[in-house]
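A.B. asks: Dropping the structure in here first, questions after.
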Amino acid sequence: HDEEMPSTEIITLTRHILADQMRLGPAATGDMTFLLNAIALTSKFIATNVRRARLINLVGLAGETNVQGEEQKKLDVLSNDIMVNALRASGKTAVLVSEELDEAVIVEGRQKGKYCVVFDPLDGSSNIDAGVNIGTIFGIYRIQDGSEGTIQDVLRPGSEMVAAGYTMYGSSANLVISTGNGVNGYTLDTALGEFILTHPNIQIPARGKIYSFNEGNSMYFHEPTLKYLESIKYPQNGKSPYSARYIGSMVADVHRTLLYGGIFGYPDDKKSKSGKLRLLYEAFPMAYLTEQAGGLATTGRGRILEVVPKTIHERCPVFLGSKDDVADLIKFYEAEA
Ligand code: AHM
Ligand code: MG
């Protein structure tokens with residue numbers, strides 16, 4: 001029988017974004033390619049540390065509290081340091097906003113570049129001890145014409161991002177990214193140390209069969225959320241109810257939603273007036289990817305990508321996923337208005 005020949009047409013992340021850059025012609029400087037490579041490197045480094053942490057029990061409290069007053073794990077601190085250092089050293093960034101840092105980092109002097117990166121270095125960190133998937137989320141803006149790089153360059157709607165993505169640290173490390181031209185997924189080949197294109201042109205199915213909400217908060221939920229959930233759990237005209245899947249790790253829940261379809265939601269409710277997720281480095285990048293994959297992302301009252309941030313750490317209600325499913329949810333919000 002035929003022996004399987006290894007493919008010699010391996011498409012790495014570097015090759016893919018380089019091809020993207022070449023398509024833009026001589027106008028492209030390669031800065032974005034360089035920046036994305038720096039981000040990919042930080043993901044490899046964090047992936048290694050996440051794996052090692054599970055082995056040597058690095059997990060534990062660092063004894064510090066972050067802006068939101070949550071307990072910070074050692075791995076969050078480490079991942080944040082890895083990203084800030086690498087992004088600054090890349091020479092391509094001007095402003096950095098991290099979930100772990102109170103203030104934005106303004107890059108000065110020779111290291112200053114023209115991009116701003118907003119990121120959650122290690123999202124879902126409450127799951128670390130249980131070995132559940134966690135991830136890094138990032139979004140990229142280009143500084144505005146004439147700007148030296150200030151906080152104003154990131155207080156802009158998500159639709160103005162030039163790229164967004166996440167890396168999920170699971171059984172393998174998966175990097176999913178969009179530069180505004182569709183969504184591609186890469187898997188880290190640990191032997192090569194390269195992200196290999198494994199999920200080209202990800203498209204969310206128009207409708208799914210899964211819903212992903214923390215229903216433990218139901219007693220706080222507003223009417224439209226409750227009525228929508230009711231409609232998919234007790235469907236009329238003989239349809240089957242949706243399945244529930246909630247990991248509690250945004251990267252993992254969104255990753256599944258992109259691949260299988262359905263709806264992910266973290267609504268605002270009577271207790272959390274703006275929901276829980278952060279607009280800049282959680283809601284925007286995931287909304288950007290969802291739309292690029294053919295889905296919808298809404299606050300229930302409007303398109304997430306059109307929200308104009310007032311502060312860097314503000315929160316935002318999030319519903320995203322298959323376009324038909326999200327459209328169904330929006331109807332319940334419109335009925336309320
Ligand atoms: P974190 O940034 O403190 O890790 O919190 C964000 C996480 C998301 O990954 C996830 O979607 C959400 O919190 C889960 O929240 P809850 O435990 O309230 O369901
Ligand atoms: Mg987070």
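Every number in this text was worked out from the coordinates using simple rules, so none of it is lab data. Note that the structure is predicted; figures quoted are calculated from it, not measured. Because the Cβ atoms are built from the backbone with ideal geometry, glycine has one as well, and the counts that use them run over all protein chains shown.
A.B. asks: Evaluate the distance, in nm, between pseudo-label points positioned 7 Å from the Cα of residue 189 and of residue 270 along their respective Cα→Cβ axes.
C.D. replies: 5.5 nm
A.B. asks: Kindly state, to the nearest 0.05, the FRET efficiency for residue 110 paired with residue 10, given R0 = 30 Å and r defined as their beta-carbon distance.
C.D. replies: 0.25
A.B. asks: Give the lysines reachable from residue 209 as a straight Cα distance under 16 Å; neighbours fewer than 8 places away on the same chain don't count.
C.D. replies: Reachable lysines: 233, 239, 323.
A.B. asks: For residue 41 and residue 198, compute 0.36 nm times the residue count separating them, minus their Cα-Cα distance, and round to one decimal in nm.
C.D. replies: 54.7 nm
A.B. asks: Give the Rg/Rh ratio for the chain, taking Rg as the radius of gyration of the Cα atoms and Rh as the Kirkwood radius, to two decimals.
C.D. replies: Taking Rh as the inverse mean 1/r over Cα pairs, Rg/Rh reads 0.97.
A.B. asks: In segment 296-337, whose amide N lies under 17 Å from the spot 7 Å out along Cα-to-Cβ of residue 223? List them in ranges.
C.D. replies: Hits in segment 296-337 for residue 223 at 17 Å: 300-301, 329-337.
A.B. asks: Who wins for biggest fluctuation among 133, 214, 80 in a Gaussian network model of the chain, springs between alpha carbons below 10 Å?
C.D. replies: Most flexible of the set in this elastic network: 214.
A.B. asks: Once you charge only the Cβ atoms, +1 for Lys and Arg and -1 for Asp and Glu, what is the size of the charge dipole of the chain about its Cα centre, to the nearest 20 debye?
C.D. replies: So the magnitude is around 240 debye.
A.B. asks: Could you work out the relative contact order of the chain? I mean the mean sequence separation of Cα pairs under 8 Å and 6+ apart, divided by the number of residues, in percent.
C.D. replies: Taking the mean separation of contacting Cα pairs over the length of the chain, I get 15 percent.
A.B. asks: What does the C-alpha gyration tensor say about the overall shape of segment 193-303? Classify as rounded when a/c is under 1.5, otherwise prolate if a/b is larger than b/c, or oblate.
C.D. replies: Because a/c hits 1.5 or more and a/b fails to exceed b/c, segment 193-303 counts as oblate.
A.B. asks: Also, quick follow-up: Can you compute the FRET efficiency between residue 102 and residue 145 using 1/(1 + (r/R0)^6), with r the Cβ-Cβ distance and R0 = 22 Å? Round to the nearest 0.05.
C.D. replies: Taking R0 as 22 Å, the efficiency between residue 102 and residue 145 is 0.15.
A.B. asks: Which order do the peptides 249-259, 35-45 come out in when sorted by mean C-beta neighbours inside 10 angstrom, highest first?
C.D. replies: Highest to lowest by the protection proxy: 249-259, 35-45.
A.B. asks: Okay, next question. Give me the distance in nm between label points sitting 7 Å out from Cα along the Cα-to-Cβ direction at residue 152 and residue 260, one decimal.
C.D. replies: Inter-label distance under the simple model: 4.6 nm.
A.B. asks: With point charges of +1 on the Cβ of Lys and Arg and -1 on the Cβ of Asp and Glu, referenced to the Cα centre of the chain, which listed residue (98, 293, 124) lies farthest in the positive direction of the dipole?
C.D. replies: The one lying farthest along the dipole's positive direction is 293.
A.B. asks: Which value, in debye to the nearest 20, gives the size of the charge dipole of segment 183-311 about its Cα centre, when Lys and Arg are +1 and Asp and Glu are -1 at the Cβ?
C.D. replies: That gives a dipole near 480 debye.
A.B. asks: Sticking with this one: Which residue, 131, 302, 193, has the most motion in a Gaussian network model of the chain that connects Cα atoms within less than 10 Å?
C.D. replies: It is 193.
A.B. asks: May I pose another question? Which residue fluctuates most in the GNM of the chain (Cα springs below 10 Å): 124, 321, 165?
C.D. replies: Sorting by GNM fluctuation, first place goes to 124.
A.B. asks: Something else now. Mind checking which lysines have their Cα closer than 25 Å to the Cα of residue 74? Skip sequence neighbours fewer than 8 apart in that chain.
C.D. replies: 44, 276
A.B. asks: Using a Förster radius of 41 Å, what is the FRET efficiency between residue 129 and residue 237 based on their Cβ-Cβ separation? Nearest 0.05, please.
C.D. replies: Step by step, r from the Cβ atoms, then E = 0.40.
A.B. asks: Arrange the peptides 239-248, 166-175 so that the one whose residues have, on average, the most other Cβ atoms within 10 Å appears first.
C.D. replies: Top of the packing list down: 166-175, 239-248.
A.B. asks: Among 277, 327, 193, which residue has its Cα furthest toward the positive end of the charge dipole of the chain, with +1 on Lys/Arg Cβ and -1 on Asp/Glu Cβ?
C.D. replies: 327
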